Amino acid sequence: MSIICDFFVFLEMIKYTEISNLERFFVALLVTGFMIWFGGTIIRTALAYDLFDTGTISIRQDLRQDQGTVGYNIYLFAQASLYTNIAYAFCLVSIIFLTIRFRKVLKYQGWLFMSIVLFLLNLPIEAYYIFLDYALSVEIFFNNEFVYYTSPIFRKLFLVRFENIVLSILKGISFMSAITIIILCIWQPLRKEYREELGS
């Protein structure tokens, strides 16, 4: 939560006035949403790779006769997507609002500008993964499908994330971008003094 407090101080320093309650709300929503999405992504990745033999995308030998464990892991994977994707949506809305609100000062804060650009550049791949999550959730929660590793749903909506090299690489880049955003927000490089730029 200290990150939220630091961000409040940063915004007040930029404007030389207290930020509004609405702006505080969106900052809190942004940081909370990002943390839930980032943490949820790690958990979901662990759940998925727990099904595979090490270094492969083949179902573990001990799970091939245990459809219940495979189905339950995928159920948890889909369930976690509800939280992570909603958190990502909140994060996106907050970024758009705060970018519009503080657009005039972005050129003075290079780290903030780079963080926003990194987040938005990865929006297409994240949107596609959200689409896959939505389709998988519909099959599991609304159509009451139990996903076996031999079922078409398993390959079409789950395994494709890891089987498709391009998708897998792009998702990895997206995750590394998220780590970079965290580092940028902590170290805050390429900062210019706002007061100095104004000539005061």
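A few remarks follow.
- Model label zone, ALA135; criterion: amide N under 20 Å from point 7 Å along Cα-to-beta-carbon; scope the range 62-83: 71, 74-83
- The chain: DSSP helices with Cα axial extent of at least 30 Å and average Kyte-Doolittle hydropathy no lower than 0.0: 21-49, 67-101, 165-187
- Close Lys pairs in the chain (alpha-carbon distance under 21 Å; sequence gap of 8 or more, or different chains): 6.
- Each Cα pair under 8 Å and six or more residues apart adds its sequence gap; the mean of these over the residue count of the range 27-184 is a relative contact order of 28 percent.
- Applying 1/(1 + (r/R0)^6) with r as the Cβ-Cβ distance of ARG155 and ARG191 and R0 = 41 angstrom yields a FRET efficiency of 0.30.
- Mean residue ellipticity at 222 nm, helices only, the chain: -23000 deg cm²/dmol; runs of at least 4 DSSP H residues each add -39,500 (n - 2.57), and the sum is divided by the number of residues.
- The range 158-182 versus the range 66-88: alpha-carbon centroid distance in Å: 18 Å
- The range 133-156 and the range 31-56 have Cα centres separated by 19 Å.
- Cα gyration tensor, the chain - rounded (a/c under 1.5), prolate or oblate: prolate
- Taking a point 7 Å out from the Cα of MET35 in the direction of its Cβ, the residues of the range 88-103 whose backbone N falls within less than 19 Å of it are 88-95.
Each value in this text was obtained by applying a stated rule to the coordinates, not by laboratory testing. Keep in mind it's a predicted model, so treat the numbers as computed, not measured. A quick note on method: Cβ atoms are made from the backbone with ideal geometry, for glycine too, and the neighbour counts reach across all protein chains shown.
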